1. Does residue 73 qualify as being in contact with a helix residue (DSSP H, G or I) (Cβ under 6 Å, 6 or more places away or on another chain), surrounded by 13 or more Cβ atoms within 10 Å (Cβ to Cβ), at pLDDT 95 or above and under 29 Å from residue 138 (Cβ atoms)?
2. Among the residues of the stretch 40-69 satisfying the criterion of being in contact (Cβ under 8 Å) with a residue 12 or more places away in the chain and touching a helix residue (DSSP H, G or I) at 6+ places or on another chain (Cβ under 7 Å), which is surrounded by the fewest Cβ atoms within 10 Å (Cβ to Cβ)?
3. In the stretch 90-138, which residues are within 21 Å of residue 65 (Cβ to Cβ) and in a helix (DSSP H, G or I)?
4. For residue 141, are the conditions met, namely being within 30 Å of residue 17 (Cβ to Cβ) and part of a strand (DSSP E or B)?
5. Could you list all residues from the stretch 24-39 that are surrounded by 14 or more Cβ atoms within 10 Å (Cβ to Cβ) and in a helix (DSSP H, G or I)?
6. Can you find, within the stretch 78-89, the residue that is surrounded by the most Cβ atoms within 10 Å (Cβ to Cβ) among those that are assigned to a strand (DSSP E or B) and out of contact with any helix residue (DSSP H, G or I) (no Cβ under 6 Å at 6 or more places or on another chain)?
7. Within the stretch 94-130, restricting attention to residues that are touching a helix residue (DSSP H, G or I) at 6+ places or on another chain (Cβ under 8 Å) and over 11 Å from residue 75 (Cα atoms), which residue is surrounded by the most Cβ atoms within 10 Å (Cβ to Cβ)?
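The values are calculated or read from the model by the stated rules, or taken from the named source; none is laboratory data. Note that this is a predicted model, so its numbers are computed, not measured. Ideal geometry is used to build each Cβ from the backbone, glycine not excepted, and the neighbour counts take in all protein chains shown.
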């Protein structure tokens, strides 16, 4: 079966194993990847290149501990926005460094943001002075994060 226009070919089991290994350690060398999967280095390299070319792998990033990085408090901020304002709000939100992730969602709210701040005072200022007052934001709801699952493929709750 041919891949749909703009989409990659279906992933086989080896592709999925490669993605999982790289999700766990994005700095993994081709040699180590090949050894873990019992394939040649050339095979690992060509598959990783294809996964990049097809847009399955889009980049690599460091996983940061927010508290050690200076962000002692985190929250999800749910925003309702004016109709047809997604692109403008998206652009403004992307300029706020305390926003670590955002998503346009269905349901009672339109946008969900993961925000991090050094302390409660800074979080309050972020929500009340910068997010709620943003043009096209009609209402908000903030939920404090008490604990988080670790990033990576092995999700083990801390509680």
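1. yes
2. Per the criteria, the residue is 45.
3. 120, 122, 123, 126
4. In short, no.
5. Those that are surrounded by 14 or more Cβ atoms within 10 Å (Cβ to Cβ) and in a helix (DSSP H, G or I): 30, 32, 33, 34, 36, 37.
6. Within the stretch 78-89, the match that is surrounded by the most Cβ atoms within 10 Å (Cβ to Cβ) is 79.
7. The qualifying residue surrounded by the most Cβ atoms within 10 Å (Cβ to Cβ) is 110.
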